[in-house]
Amino acid sequence: MTVRALVIDDSRAMRRIVTGTLEGFGYETRQAGHGQEALDVLHEGWVPDLCTIDWNMPVMDGLQFVNAVRSNPAWRAVTLMMVTSESEHGQIVRALAAGAHEYVIKPFTADALRDKLALLGLLPQEVSL
Amino acid sequence: MTVPTDSGERRRAGDRPPLVTELIDGATVQEITEQAWLALVGEDEVLVPLPAPMPADALSSWVEIVGPWTGSVVLTCGRDTALALTRALLREHAPEVLIKEEDVDDALGELANVVGGNVKAVLPGPSVLGLPETGSTPPPGREADTCRVDVLWRGEPLTVSVQSHAERENEVPL
Amino acid sequence: MTLTATRFDWVRQLVHRESAIVLAPGKEYLVEARLLPLARKMGLSDVDQYVDSVRSRPRPDDTRSIVEALTTNETSWFRDGDPFTTLTSTVLPSLLSARGPAERLQIWSAACSSGQEAYTVAMLLEDAMPNASARVSITATDISREMVERTRAGRFSQLEVNRGLPAPMLVRHFQRAGSEWEVAPNLRRMVTARECNLAAPLPRMGPFDVVYLRNVLIYFDLPTKQAILRRVRELLRPDGWLFLGAAETTLGVDDSWSRVVLGRSSAYRPLKGA
């Protein structure tokens, strides 16, 4: 099973960390620097299994992106996971209410990403054991 | 939609803005910074709480927090230290990549974002976190209203300060 | 100040023997940073003195502290998920049908560390039963007083709540407390934390319906494993359930248990008449 992920973050370093970690788990990845760029990738027809989404980004933020993805039924199967330093209780509630499935607070370790992907059933089998 | 709950302390109209030193202490800032280093920079990257003179060619990155408390979270270290931090962040993810100046700005900015987001969660909310900026001149803060942590990372100085904005003094019309 | 090679080697071998974790040469500074707090607690000013003192009079508590300090004991929530999902899917329905409506279910999280396992159980039951806090009591025990106090406080760092705790459960059962997260009071009321050394006669507790004794037996030799399993059986109700770690089993250790396969994991139940 090849799992595809779109990594959305305005920091290039953070995109490299997340894509590097996911590729280590066997993912095929693409990157976007903000929500609009990510929507362009989806419209182009590259619909991933997972989006990891930063919150604060220029042009279109992560919460707006979650709302946009959730308003298009064609993208219903995409799992949305926030990966952000926004860490108030109320912010997590907002993201989940908008349709995000999971929420990883920065800073995180590779193990934390692995645990969350295991919860979502998005970890290729050989890695989860 | 659930309205974000804040952590309780709310400012009544007419009250003076809360001083950052009443809201957050050095130990909390240090703990937040240590967790960022352990998770992102490396699991054996310890920060030693010791002050040391900052080299002349220091680089800063900062994020702004706007809400019941308004100010910045600023990270400062020497340029060589910033480069070493960038290398450590990218470790196994992009070892072959030649690190350019904009990579250093980006990496140091992202560390300020991570520390800043967690500092924001400790302060009264709801508030908004700005996008990180990097440069040699951080925004001026009020000296008396700054919570500052000095540490050594791999023997080199690094400071994290949470500071109210200087323009807050002009909030009351002169 | 750097740790001398012979002292570093001694620590390296100890950690490898106890945890199978390899400390590569060059990690002297890590050993120093992690062991310095332990040295200070004993009133010693450096790690060399501390290592010498433990080497000259090895006590299980000290060696365990060293191993724990060096193995970044980051427990995750729902660690090896199956022993938890089967709790609500299989174990709980069978217990509820066997017990009267006023009977309290008693669950033991043995070697609870900082409490993630006990609170995972509490959250699952709170979400699965309407009046969980009135019907369930969870006993969490650990040999370390510090871990017992941490469990009692129910406060976890950002890095800890990031490890395998589903976000909907985080927002439902936790509140922010400064830079940490605190478990909701109703869950804290369900959990009683106390000190307990599994390798010694146990205090009066239970009887328990479910015991989680996971990733503990691996630290002990065969006679101690047998003694622990015998004492646990005395505190477990005849129709109770025992969960061990994924790499642990009663097979070849104590033959008075039967193994029940539940999904991808197993539970152990006392054999009748054993």
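Observations
- Residue check for C:E117: among the charged types (D, E, K, R), within 14 Å of another protein chain (Cβ to nearest Cβ), surrounded by 16 or more Cβ atoms within 10 Å (Cβ to Cβ) and touching a strand residue (DSSP E or B) at 6+ places or on another chain (Cβ under 8 Å): no
- Odd one out for C:K272, checked against (1) open to solvent by less than 30 Å² (accessible area, probe 1.4 Å); (2) out of contact with any Leu (no Cβ under 8 Å at 6 or more places or on another chain): (1)
- The residues listed here are B:P51, B:P4; of these, the one that is modelled with pLDDT under 85 and more than 13 Å from the chain's Cα centre (by Cα) is B:P4.
- Unmet criterion (only one of (1) closer than 25 Å to B:L40 by Cα; (2) charged (D, E, K, R); (3) within 14 Å of chain B (Cβ to nearest Cβ)) for A:R70: (1)
- The number of residues in the stretch C:154-193 being surrounded by 15 or more Cβ atoms within 10 Å (Cβ to Cβ) and away from every other protein chain (no Cβ under 14 Å) comes to 7.
- Helices (runs of 4 or more DSSP H) wholly inside the stretch A:82-129 containing at least 2 residues that are at pLDDT 95 or above, over 23 Å from B:R91 (Cβ atoms) and within 14 Å of the chain's Cα centre (by Cα): A:89-98
- The single residue among B:A88, B:A84, B:A52 that is without any contact (Cβ under 8 Å) to a residue 60 or more places away in the chain, outside any strand (DSSP E or B) and among the small types (G, A, S) turns out to be B:A88.
- Hits in the stretch A:1-54 (condition: open to solvent by 10 Å² or more (accessible area, probe 1.4 Å), among the hydrophobic types (A, V, I, L, M, F, W, C) and outside any helix (DSSP H, G or I)): A:M1, A:F25, A:W46, A:V47
- Per-region count, the stretch C:210-232, residues touching a residue at least 40 places away in the same chain (Cβ under 8 Å) and of a type outside the set (F, W, Y): 7
- Pair list, Cβ < 7 Å and 6+ apart or interchain, from the stretch B:16-36 residues that are farther than 13 Å from B:V149 by Cα to residues that are assigned to a helix (DSSP H, G or I): B:P17/B:R168; B:Q35/C:Q158; B:Q35/C:L159; B:A36/B:L111; B:A36/B:V114; B:A36/B:V115
- Count of residues meeting criterion [more than 18 Å from C:M123 (Cα to Cα) and in contact (Cβ under 8 Å) with a residue 60 or more places away in the chain] in the stretch C:145-190: 1
- Across the stretch C:242-252, a minimum of one residue is classified as under 18 Å from C:L202 (Cα atoms), assigned by TED's automatic domain parsing to the domain that holds C:L213 and either loosely packed, with under 15 Cβ neighbours inside 10 Å or of a type in the set (A, V, I, L, M) (or both).
- Taken over the stretch C:49-82, the criterion of being crowded, with 19+ Cβ neighbours inside 10 Å and more than 18 Å from C:N215 (Cα to Cα) is satisfied by C:Y50, C:V51, C:V54.
Residues are listed down the side, and each one gets a yes or a no for (1) modelled with pLDDT under 85; (2) not in a loop (DSSP other than H, G, I, E, B):
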residue	(1), (2)
C:D80	yes, no
C:P93	no, yes
C:G100	no, no
C:E103	no, no
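- Residue satisfying all of: in the stretch C:83-93; more than 13 Å from A:L119 (Cβ to Cβ) and over 15 Å from the mean Cα position of the chain (by Cα); surrounded by the fewest Cβ atoms within 10 Å (Cβ to Cβ) among these: C:P93
- In the stretch A:76-111, the residues that are among the β-branched types (V, I, T) and in contact with a strand residue (DSSP E or B) (Cβ under 8 Å, 6 or more places away or on another chain): A:V78, A:T79, A:V83, A:T84, A:I92, A:V104, A:I105
- Residue count, the stretch C:215-235 (criterion: open to solvent by 10 Å² or more (accessible area, probe 1.4 Å), touching a strand residue (DSSP E or B) at 6+ places or on another chain (Cβ under 9 Å) and at pLDDT 90 or above): 2
- Against the conditions (1) farther than 30 Å from A:G121 by Cα; (2) out of contact with any Leu (no Cβ under 7 Å at 6 or more places or on another chain), C:I66 satisfies every one except (2).
The values are calculated or read from the model by the stated rules, or taken from the named source; none is laboratory data. Every value quoted in this text rests on a predicted model; they were computed, and no experiment measured them. With ideal geometry, Cβ positions are generated from the backbone for all residues, glycine too; neighbour counts draw on all protein chains shown. These area figures cover heavy atoms from the full protein model, side chains too; ligands, DNA and RNA do not enter into them. Shrake-Rupley method; radii C 1.70, N 1.55, O 1.52, S 1.80 Å.
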